[in-house]
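Written below as structure tokens is the structure these notes are about.
The values are calculated or read from the model by the stated rules, or taken from the named source; none is laboratory data. Please read these numbers as outputs of a predicted model, since none were measured by experiment. Cβ sites come from the backbone with ideal geometry, for glycine too, and all protein chains shown count toward neighbours. Calculation scope for accessible area: heavy atoms of the full protein, side chains included, ligands and nucleic acids excluded. Shrake-Rupley method; radii C 1.70, N 1.55, O 1.52, S 1.80 Å.
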Amino acid sequence: MGLLSLWAESLTYEYEILKSCTHHKSPRSKCKKCVESCKENAISFVNGIPSINSEQCTQCGDCITACSVQAVAGIFPARTVKNHRLVITGDQVPSIKELLVYYKKGITEIAYDGELSVHWRKSIEDTNEILHLLGEPPFTFMNEKMEEATIEMTRRELFFSWKKEAKSLVVKMAPAKWRFNQEDLQLAKYYPSHQFAEITLDTSKCTLCKACEFLCHHKCLNISDDSFILNAQSCSACHLCEDICPEKALTVIEKVSAHKILNLPVVTKVCSTCGQNFKTLIKSDEVCVPCEKKKNLLDIH
Ligand code: SF4
Ligand code: SF4
Ligand code: SF4
């Protein structure tokens, strides 16, 4: 490993929550994946926004991979790769998401020296189940003696393609600015023919208010004059659309499947109560949303 990379590896930065956190987008977000992922209880909510206590944080990187919108900034602890094999060192187990990224970077073998811990084995086996759903061969294990001196690439080098882009990295490495690239953990870009979430819309509840379309950072939802398109390929299962929908019309589940686009027709009707044109997903609708709500209010009283 070069001197430059050794220097960079030795730097530490405090982890922080970025403005892309779903709680900055809406106070109705219920996401607490980072809080739940932290074994040190270093993340808690302060005024409705997650906050990292740097004194408790051990910079294990678990919250970085847990966040669906890459809103945790920080640097992963180093991992080692030898001859395109991920070398198991220490007890910091990579997440499934991380392993799936390594896989697409050409790291398809895991090398270990001696016993494979239960946690490592579980993470790799769970990843292999997902690889099966993705139609990919599993990670293979190699039990072999490791020599420290033969380590060739660190985890950060792996993500940054360090050796290929050495010049531009020198610029990025200015202290306090150099961060893990938030885009690197978006599985959708590595597996374009699959989706990692399923979005379901209850057409009888949706009022086409467009709040979900406005807040989805991955543009998975598109509402036009004649259609409501749900494209889950780039959905990261942040659940923000589900949390903010005033009609509780959306459901998002984490599930791996072949990429499919749902195209629901929007029809224009004339309201039988007020006589105005209105848009709906239900062909048999006769009353617009404001008139329907007014009617429901009157029925209650
Ligand atoms: S996991 Fe990400 S989006 Fe969710 S609360 Fe934490 S920082 Fe915000
Ligand atoms: S799914 Fe919910 S948030 Fe989206 S347009 Fe329909 S009612 Fe509005
Ligand atoms: S569709 Fe919903 S769950 Fe998926 S990325 Fe967009 S807001 Fe998040």
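Quick look at the numbers
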{"read-out": "Over 22 Å between alpha carbons, listed pairs K39/K219; K32/K255; K219/K269; K39/K255; K97/K189", "value": "K39/K219; K219/K269; K39/K255"}
{"read-out": "Accessible area expressed per residue, the stretch 93-149, with surrounding protein chains retained (probe 1.4 Å, Å²)", "value": "54"}
{"read-out": "Cα gyration tensor of the stretch 26-81 - equivalent ellipsoid semi-axes, whole Å, descending", "value": "21, 13, 9"}
{"read-out": "Solvent-accessible surface ranking, highest first, for R121, R85 at 1.4 angstrom", "value": "R121, R85"}
{"read-out": "Stretchable slack from S284 to H24, in nm (0.36 nm times residue separation minus alpha-carbon distance)", "value": "89.8 nm"}
{"read-out": "Using θ = phi - 60° and Karplus 6.51 cos²θ - 1.76 cosθ + 1.60, couplings along the stretch 275-286 (whole Hz; Gly, Pro as x)", "value": "x, 8, 5, 8, 9, 8, 8, 10, 4, 7, 4, 10"}
{"read-out": "Trypsin sites (Lys or Arg not before Pro) within the stretch 269-301: DSSP coil, no more than 10 neighbouring Cβ in 10 Å", "value": "K283"}
{"read-out": "Carbon/sulfur fraction of accessible area - the stretch 15-84, other protein chains in place, 1.4 Å, %", "value": "49"}
{"read-out": "Spacing of the two label points (7 Å from each Cα toward its C-beta) at K260 and R121, in nm", "value": "3.7"}
{"read-out": "Which of C245, Y191, I223, positive extreme of dipole for the stretch 188-265 (C-beta unit charges)", "value": "Y191"}
{"read-out": "Simple Cβ-charge dipole of the stretch 188-265, Lys/Arg +1 and Asp/Glu -1, about Cα centre, in debye nearest 20", "value": "200"}
{"read-out": "Residues whose placed amide H lies under 5 Å from that of I52, excluding near-sequence neighbours", "value": "I17"}
{"read-out": "Theoretical gain in end-to-end length, S54 to K293 [0.36 nm per residue, Cα-Cα removed]", "value": "81.2 nm"}
{"read-out": "Rounded, prolate or oblate (a/c below 1.5 giving rounded, otherwise prolate when a/b exceeds b/c) for the stretch 188-265 by Cα gyration tensor", "value": "prolate"}
